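**Q** After the structure tokens below, expect a handful of questions from me.
The values are calculated or read from the model by the stated rules, or taken from the named source; none is laboratory data. What you see is a predicted model, and the numbers here were worked out from it, not measured in a lab. With ideal geometry, Cβ positions are generated from the backbone for all residues, glycine too; neighbour counts draw on all protein chains shown. What goes into the accessible areas is simple: the full protein's heavy atoms, side chains included, and nothing from ligands, DNA or RNA. Shrake-Rupley method; radii C 1.70, N 1.55, O 1.52, S 1.80 Å.
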Amino acid sequence: QVQLVESGGGSVQAGDSLRLSCAASGLTFTSYTMAWFRQVPGREREFVTAINRNMESTFSADSVMGRFIISKDNANNVVYLQMFKLKPEDTAVYYCAASRFLNLRNTQGYSYWGQGTQVTVSS
């Protein structure tokens, strides 16, 4: 049984940093592209950033480029999202997801999802 469990969310001030973690189990971690998405109530879930399963190249949404960094710990099956210079518009529930595809920015190709962790950024 595949499980993705996010942690690290919280309430911060604009300009602060925060690191999210996603612990994966039940899958061959290195065979999956791992991604972070986020969602605000009433809006569609949007792509944030991902790290490909091969060569581990990364790709990100323009809105977080230069502020958010995704990384993986293959030894411990954990993917991280380091967020810098947070803005109020980054407020959302952040979800971890896993896919067998490469360079995937839409939700449909991601087979597994975590339960989400709330990030709230105050101005």
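**Q** State, to one decimal in nm, how far the label point of ASN106 lies from the label point of GLN13, with both points 7 Å from Cα in the Cβ direction.
**A** Rounded to a tenth, the inter-label distance reads 4.2 nm.
**Q** How large is the charge dipole for segment 18-123, taken about the Cα centre, if only the Cβ atoms of Lys, Arg (+1) and Asp, Glu (-1) carry charge, to the nearest 20 debye?
**A** Values: 11 positive and 7 negative charges, 4 e Å.
Dipole about the Cα centre, nearest 20: 20 debye.
**Q** Each residue of segment 33-43 in turn: what ³J(HN,Hα) in whole Hz from Karplus with 6.51, -1.76, 1.60 and θ = phi - 60°, glycine and Pro shown as x?
**A** Running phi through 6.51 cos²θ - 1.76 cosθ + 1.60 with θ = phi - 60° gives 6, 10, 9, 10, 10, 9, 8, 9, x, x, 10 Hz.
**Q** State the percentage of accessible surface on the chain attributable to carbon and sulfur atoms; use a 1.4 Å probe and exclude ligands, DNA and RNA.
**A** On the way: 2860 of 6250 Å².
C and S fraction of accessible area: 46 percent.
**Q** Given the C-alpha centroids of segment 1-55 and segment 83-123, what is the distance between them in whole angstrom?
**A** So the two Cα centres are separated by 5 Å.
**Q** Continuing with this model, one more query. Can you work out the Karplus-derived ³J(HN,Hα) for every residue in segment 103-114? Use 6.51 cos²θ - 1.76 cosθ + 1.60 with θ = phi - 60°, whole Hz, and x for glycine or proline.
**A** Running phi through 6.51 cos²θ - 1.76 cosθ + 1.60 with θ = phi - 60° gives 6, 9, 10, 9, 6, 4, x, 9, 7, 10, 9, x Hz.
**Q** What do you get for Rg/Rh of segment 40-112 when both radii come from the Cα atoms and Rh is the Kirkwood radius?
**A** Computed over Cα atoms, the ratio is 0.94.
**Q** Applying the Karplus parametrisation 6.51 cos²θ - 1.76 cosθ + 1.60 with θ = phi - 60° to the phi angles of segment 50-62, what ³J(HN,Hα) value in whole Hz is obtained for each residue in order, glycine and proline being reported as x?
**A** After applying 6.51 cos²θ - 1.76 cosθ + 1.60, I find 8, 10, 5, 6, 10, 6, 6, 5, 10, 8, 9, 5, 4 Hz.
**Q** Give the accessible surface of the chain per residue, rounded to a whole number of Å², with probe radius 1.4 Å and ligands, DNA and RNA excluded.
**A** Details: 6250 Å² over 123 residues.
Result: 51 Å² per residue.
**Q** Sorted by accessible area (1.4 Å probe), largest first, how do MET83, MET65 line up? Before the final figure, lay out the partial values.
**A** On the way: MET83 0, MET65 115 Å².
So the residues, ranked largest to smallest area, are MET65, MET83.
**Q** Take the Cβ-Cβ distance between ALA61 and THR120 as r, set R0 to 30 Å, and report the resulting FRET efficiency rounded to the nearest 0.05. Walk me through the numbers on the way to the answer.
**A** On the way: r = 19 Å, r/R0 = 0.65.
After rounding, the FRET efficiency stands at 0.95.
**Q** When the convex hull of the C-alpha atoms of the chain is computed, what volume per residue in Å³ does it have?
**A** Working: hull volume 11.5 nm³, N = 123.
Considering the Cα atoms of the chain, their hull volume per residue is 94 Å³.
**Q** Over the chain, what is the percentage of antiparallel beta bridges among all DSSP beta bridges, to the nearest 5? Intermediate values should be presented prior to the final figure.
**A** Working: 37 of 41 bridges.
Counting only bridges with both partners in the chain, antiparallel ones make up about 90 percent.
**Q** Given H placed 1.01 Å from N in the peptide plane, which residues other than close sequence neighbours of LEU86 have an amide H under 5 Å from its amide H?
**A** Sorted by chain and number, the residues that satisfy this are GLY15, ASP16.
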